[in-house]
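Only one structure is covered here, and it is reproduced in the block below.
The values are calculated or read from the model by the stated rules, or taken from the named source; none is laboratory data. In this text, all values refer to a predicted model and were calculated from it rather than measured experimentally. Quick reminder, even Gly has a Cβ in these numbers, built from the backbone with ideal geometry, and neighbours come from all protein chains shown. Note: areas computed on protein heavy atoms with side chains; ligands, DNA, RNA excluded. Shrake-Rupley method; radii C 1.70, N 1.55, O 1.52, S 1.80 Å.
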Amino acid sequence: MFRRRASEAKHKATGPDRGRGAGPAGRGPAGAGGPAGAGGPAGAGGPAGAGGPAGAGGAERGREAPEPWGPPPAGLDVSAPHPARVRNYWLGGRDFFAADKAAAEEIGRDFPHLAETARAERAFLVRAVRFLAGPAKIAQYLDVGAGLPAGGNTHEIAQRIAPEARIVYADNDPAVLLHAKALLRNPMLASTPEGTVCYTDADLRDVAAVLAGAGSALKLSRPVALIMLGILGHVEDFGAARSITSQLMGALPAGSYLVIADVVAAHQGISSAQRRYDATARPRYGASALAPYVLRRPDELTSFFDGLDLIEPGVVPCPAWRPDGRGPDGGPEDAAAAYCGVARKP
């Protein structure tokens, strides 16, 4: 989640060979997987050539497959695939290993909506942050469940427009945190000198911990953009998910923004595919598998913005949210699977 493209030319693939993959790795309650634990929104930094402006690259788009770079952080078990690194591969990042690449390609063939959704949500994130850092003039960001690097990180986009922007990524996945620590040792991969980029070890369900971590680097008395991509489905109870979102926004001042994207049950084929994926996730991932991902209706997703002022065009399929033609926004399947919205706290 902390790689900056400006430094990528100086970091070629000098680590393991092409077949191994290396470096940091999706989103989830803690940011570890996204919808279905591997295909949700999101993501984080990566090579400029692999992700494009929207961070949507990878072999599935017909481009050259991403290559890994750098050794894995000490203490990281890479013998089995991890949902975050699988997602990183789909997004065109380099933070994956051989097991992750194999799983990503197999899952992508069996459940293409996961990889497509990941890319559509990432493209939306890029456009949303451009809006927030630009016209909305937001200088503080709390990205909950941020996961691993791939092109189009929140801080990469925000600090390109506003170098002084401050970003806190919240995650509680041990593998993601190991990667984050390794990346932060090299200042070239983190923040601009004028801004701040850091992470906090916090689970989405622990609102107090998330806010405490955010307060270590952000001024919570000033507007903050709360970003929640591909994580709300990990909270099975709808009321609990609404309560978590409400509590987090309630702690932020007027002028703050809520950014959400998630897979929705708007298409029977997507719902069926998601159920089949959830049933097979644990055999694929073993101990790192996430709980089944709950798909909610578009109107239920819209309800998370109750009491806030929705920014046009409202809650819509990800490719339809202010498309700018700068990056791949996905196709019809993306439109049926992933919905998103941005709203301002009055």
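Out of PRO253, PRO317, which single residue is more than 23 Å from GLU106 (Cα to Cα), of a type outside the set (Ser, Thr, Tyr) and at pLDDT below 95? Please lay out each step first, then the result.
Details: PRO253 fails: at pLDDT below 95.
That would be PRO317, the only listed residue that is more than 23 Å from GLU106 (Cα to Cα), of a type outside the set (Ser, Thr, Tyr) and at pLDDT below 95.
Could you identify the single residue in ARG130, ARG119 that is open to solvent by 10 Å² or more (accessible area, probe 1.4 Å) and among the basic types (Lys, Arg)? Steps first, answer last, please.
Values: ARG119 fails: open to solvent by 10 Å² or more (accessible area, probe 1.4 Å).
Answer to the selection: ARG130.
Before we move on, is ALA225 in contact with a Cys (Cβ under 7 Å, 6 or more places away or on another chain) and either modelled with pLDDT of 95 or more or buried (at least 16 other Cβ atoms within 10 Å of the Cβ) (or both)? It is false that ALA225 is in contact with a Cys (Cβ under 7 Å, 6 or more places away or on another chain) and either modelled with pLDDT of 95 or more or buried (at least 16 other Cβ atoms within 10 Å of the Cβ) (or both). If you filter region 63-116 down to residues that are touching a Phe, Trp or Tyr at 6+ places or on another chain (Cβ under 8 Å), basic (Lys, Arg) and open to solvent by 20 Å² or more (accessible area, probe 1.4 Å), you find that the one that is modelled with the lowest pLDDT is ARG94.
Does ALA136 qualify as being modelled with pLDDT of 95 or more, open to solvent by 10 Å² or more (accessible area, probe 1.4 Å) and among the small types (Gly, Ala, Ser)? Before you say what the answer is, go through the steps one by one.
Values: modelled with pLDDT of 95 or more: yes; open to solvent by 10 Å² or more (accessible area, probe 1.4 Å): yes; among the small types (Gly, Ala, Ser): yes.
In short, yes.
Could you grab me the full set of residues in region 117-173 that are part of a helix (DSSP H, G or I) and charged (D, E, K, R)? Scanning region 117-173 gives ARG119, GLU121, ARG122, ARG127, ARG130, GLU156, ARG160. Can you find a residue that is modelled with pLDDT of 95 or more, more than 26 Å from LEU310 (Cα to Cα) and open to solvent by 50 Å² or more (accessible area, probe 1.4 Å) anywhere in region 209-217? Yes, that holds for at least one residue. In summary, HIS234 fulfils each of the numbered conditions (1) closer than 19 Å to ASP306 by Cβ; (2) open to solvent by less than 70 Å² (accessible area, probe 1.4 Å); (3) not small (Gly, Ala, Ser) with the single exception of condition (1).
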